[in-house]
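Scroll down for the structure; my scribbles are underneath it.
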Amino acid sequence: MVKFQKYEEKLSKYFQRLSEIKFKDKLKRLVFRIGIYHQNEFELIAELPKQFIFPCHLGVLFCGDFKDTLFDTIKMNLNLIFDSFFYDFRNLGDFTFSKEIFNKGVKNKFKMTENNERIGLHPTNKFYQILINKKKGENIDMILAITNLPIYSSSEDNIFFLFGETHLRHQCSIVSTLSLKENFYNRQDNQDLFNERVIKETIHEIGHLVLGPEHCDNNLCVMRFSVNIEDIDKKSVYLCEKCEQKLEKKRINFNF
Ligand SMILES: [Zn+2]
Ligand SMILES: [Zn+2]
């Protein structure tokens, strides 16, 4: 009888420990999910949007200090390249991250210049989440963020100081302007050159939204992949003939 009691005691202790472990495990998972445990974890919370349909509405959101004229410049150039693919380009104004979100997922990397300055880069998923929510709230089909914050890809961990990225399934694009500025390379700032680079990268990312993920191998085509700033300067703001034809095919497919 005594033996049996002891056994029962042991068993209840064992179950208590087991429930404690389960609780700890649950807590760990919860903490992981809300993103405290793993600094770089930033999963998107969103339902998938409906299928691509052209023509559609495109919104532009700004994160950073930009000249008021930048939106008109972007609008004019997107119209020039993609004309009837978009009903309109809507200026959605500025946004800033809340203080706690701002620091989330930031990775410090060296700039690779003479003074080896360290810069905090932000994960692209952080922007996509803002864009997905905004797109839904504003009832627009596609959205582009222009930010002066440096970014790294949430899906490709080894790509830092990205010029831009597009999330095709969620129909969102980001262009990061920090490394499009001449002073990033310790050279005298040049506003015209900066504008030209922003236009090229904007057209490139919107080009992905319209034409798909492929890059073009034509040196002058805006859809060519740019590894560095020199590559951006070498290409034009235009689509090559082959990409123009792809655009035309899309137009015929969507019957407009
Ligand atoms: Zn690209
Ligand atoms: Zn091309």
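The values are calculated or read from the model by the stated rules, or taken from the named source; none is laboratory data. Just so you know, these numbers come straight off a predicted model, no measurement behind them. All Cβ positions, glycine included, derive from the backbone under ideal geometry; neighbour counts span all protein chains shown.
Among residues of the range 87-113 that are of a type in the set (Gly, Ala, Ser), those with a beta-carbon under 6 Å from a residue that is modelled with pLDDT of 90 or more and part of a strand (DSSP E or B) at least six positions away or on a different chain give the pairs Gly105/Pro123.
Across the range 210-256, the number of residues qualifying as more than 10 Å from ligand 2 (Cβ to nearest atom) and among the charged types (D, E, K, R) comes to 8.
Scanning the range 211-227 for residues that are of a type outside the set (Lys, Arg) and within 12 Å of ligand 1 (Cβ to nearest atom) gives Leu211, Gly212, Pro213, Glu214, His215, Cys216, Cys221, Val222, Met223, Phe225, Ser226, Val227. Determine which single condition Lys235 fails, assuming it passes every other condition in (1) under 22 Å from Phe52 (Cα atoms); (2) within 15 Å of ligand 1 (Cβ to nearest atom). Among (1) under 22 Å from Phe52 (Cα atoms); (2) within 15 Å of ligand 1 (Cβ to nearest atom), Lys235 violates only (1). Thr177 falls short on exactly one of the conditions (1) within 15 Å of ligand 1 (Cβ to nearest atom); (2) within 17 Å of the chain's Cα centre (by Cα); (3) under 26 Å from Met112 (Cα atoms); (4) in contact (Cβ under 8 Å) with a residue 60 or more places away in the chain, and that condition is (1).
Each row is one residue, and each column tells you yes or no for (1) among the aliphatic types (A, V, I, L, M); (2) touching a Pro at 6+ places or on another chain (Cβ under 7 Å).
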position: Phe42; (1), (2): no, yes
position: Phe54; (1), (2): no, no
position: Phe62; (1), (2): no, no
position: Leu70; (1), (2): yes, no
position: Glu100; (1), (2): no, no
position: Asn133; (1), (2): no, no
position: Gly137; (1), (2): no, no
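Is at least one residue of the range 115-125 surrounded by fewer than 23 Cβ atoms within 10 Å (Cβ to Cβ) and out of contact with any strand residue (DSSP E or B) (no Cβ under 9 Å at 6 or more places or on another chain)? Looking for residues that are surrounded by fewer than 23 Cβ atoms within 10 Å (Cβ to Cβ) and out of contact with any strand residue (DSSP E or B) (no Cβ under 9 Å at 6 or more places or on another chain), one finds at least one in the range 115-125, hence yes. Counting only residues that are outside any helix (DSSP H, G or I) and within 30 Å of Glu248 (Cβ to Cβ), the range 54-80 holds 8 of them. When His167 is tested against (1) surrounded by 13 or more Cβ atoms within 10 Å (Cβ to Cβ); (2) within 13 Å of ligand 1 (Cβ to nearest atom); (3) modelled with pLDDT of 95 or more, exactly one condition is not met: (3).
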